[in-house]
Amino acid sequence: MKLKQLAKLAVITILALPVIVSAKTMKVGMGDPIESDQGAYALRFKDLVEFYSGGDIKIKLYPGGALGGETEMVQNIRLGSLDMALVGIGNVTPFSKKLGALTMPYLITNSSDAVLITTGELGEYWNTLAKEEAGVNILGWTYSNFRHLTNSKRPVKNMEDVKGLKIRVPQNSIMLKSWEVFGANPIAMAWTETFTALQQKVVDGQDNPYIVNNTMKFYEVQPYLTEVHHQYSLQPLLIGNRTMGKLSEEHQAILNRAGLEAQQYALVFQMTEAENAKQNMIDNGVEVFTLEDEDKWVELAKEKVWPEFYEDIGGKESFDNVLQKMQK
């Protein structure tokens with residue numbers, strides 16, 4: 001066989017071989033353990049993305065702060081060095097003050113409010129702010145319920161009991177001010193440092209929903225829990241504008257669809273599992289209390305906290321517009 005014929009045969013053989021395209025692997029960082037409500041959202045998101053993409057996109061999860069603190073992960077997403085992360089909304093506000101509206105105390109009063117404020121017209125509003133100010137897209141939300149207070153000092157049944165308690169709070173000015181107005185001594189601290197700080201009594205307490213408190217095993221170092229309803233914990237899944245812009249329209253659509261469907265799943269998970277988490281904490285020796293004077297907490301929040309931050313979150317008119325849309 002002549003050399004030219006051999007070369008032609010070789011080309012035909014190569015073209016006949018199956019083309020192997022490696023799947024794109026995307027990393028998702030998380031602050032909480034995989035057993036948490038963040039984990040429930042992330043696992044669902046992973047399954048949906050890999051199914052809808054036919055395996056073209058693989059999702060690798062890094063729970064428990066394996067990729068750093070939540071604020072650090074947000075920064076890395078913005079830079080494009082990390083693909084995605086699930087973080088508390090309070091850790092996004094350093095990059096977009098207007099998103100701080102979602103951390104206004106006693107703005108969200110129940111799970112229905114939480115869904116209403118993160119979907120439809122309002123959901124688009126927050127995502128636009130996130131893109132323009134923080135450089136990130138919101139793919140979906142984890143609904144983690146109210147951030148209840150835990151502490152190692154004493155039972156808290158009223159505002160008098162909370163006075164002077166050192167409370168760990170995210171780096172969020174509204175959340176810091178809220179606890180200050182309630183009479184505590186709030187201390188901004190990275191989430192990855194919180195358990196050790198509680199264990200060593202650097203701080204007396206912290207606030208988080210039942211599932212987070214349980215999966216973080218705070219019952220080992222926090223014998224008292226008080227059901228406070230000042231802050232509904234919203235935890236968005238973020239992807240950087242830079243990363244999103246590099247994806248095809250098809251892959252962008254897959255991530256958006258998976259994010260929304262995982263959000264719906266996470267709401268059901270939270271509603272069914274929160275009571276189990278509460279019971280496990282009780283079984284591990286935690287005493288649970290309710291506030292005797294929460295109406296006073298609500299009044300102080302609206303009179304002393306809200307007005308101070310109107311300018312930061314886009315003005316009182318903008319905030320009133322959010323309130324109005326929530327009442328429809």
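Looking across region 250-286, just one residue is of a type in the set (Phe, Trp, Tyr) and open to solvent by 70 Å² or more (accessible area, probe 1.4 Å), and that is Tyr265. Of all the residues in region 305-328, those that are open to solvent by 40 Å² or more (accessible area, probe 1.4 Å), farther than 16 Å from Gly100 by Cα and in a helix (DSSP H, G or I) number 1.
Scan region 288-296 and give yes if some residue there is in contact with a Lys or Arg (Cβ under 9 Å, 6 or more places away or on another chain), open to solvent by 60 Å² or more (accessible area, probe 1.4 Å) and without any contact (Cβ under 8 Å) to a residue 60 or more places away in the chain, otherwise no. No. In the set (1) surrounded by fewer than 16 Cβ atoms within 10 Å (Cβ to Cβ); (2) touching a helix residue (DSSP H, G or I) at 6+ places or on another chain (Cβ under 9 Å); (3) touching a residue at least 60 places away in the same chain (Cβ under 8 Å), Ala188 fails one condition alone, (3).
Contact map, region 119-145: residues that are among the charged types (D, E, K, R) paired with residues that are assigned to a helix (DSSP H, G or I) and surrounded by 16 or more Cβ atoms within 10 Å (Cβ to Cβ), Cβ distance under 8 Å, separation 6+ or inter-chain. Pairs shown: Lys131/Asn241; Glu133/Phe95; Glu133/Lys97; Glu133/Lys98; Glu133/Leu99. Can we say Ile167 is assigned to a loop (DSSP other than H, G, I, E, B), of a type in the set (A, V, I, L, M, F, W, C) and more than 15 Å from the chain's Cα centre (by Cα)? So Ile167 does not fit the description; no.
Would a scan of region 13-28 turn up a residue that is part of a helix (DSSP H, G or I) and modelled with pLDDT of 90 or more? No, region 13-28 contains no residue that is part of a helix (DSSP H, G or I) and modelled with pLDDT of 90 or more. Scanning region 246-288 for residues that are in a helix (DSSP H, G or I) and among the hydroxyl-bearing types (Ser, Thr, Tyr), we see that the one that is modelled with the highest pLDDT is Tyr265.
The values are calculated or read from the model by the stated rules, or taken from the named source; none is laboratory data. In this text the structure is predicted, and so the values were computed from the model without any measurement. Quick reminder, even Gly has a Cβ in these numbers, built from the backbone with ideal geometry, and neighbours come from all protein chains shown. What goes into the accessible areas is simple: the full protein's heavy atoms, side chains included, and nothing from ligands, DNA or RNA. Shrake-Rupley method; radii C 1.70, N 1.55, O 1.52, S 1.80 Å.
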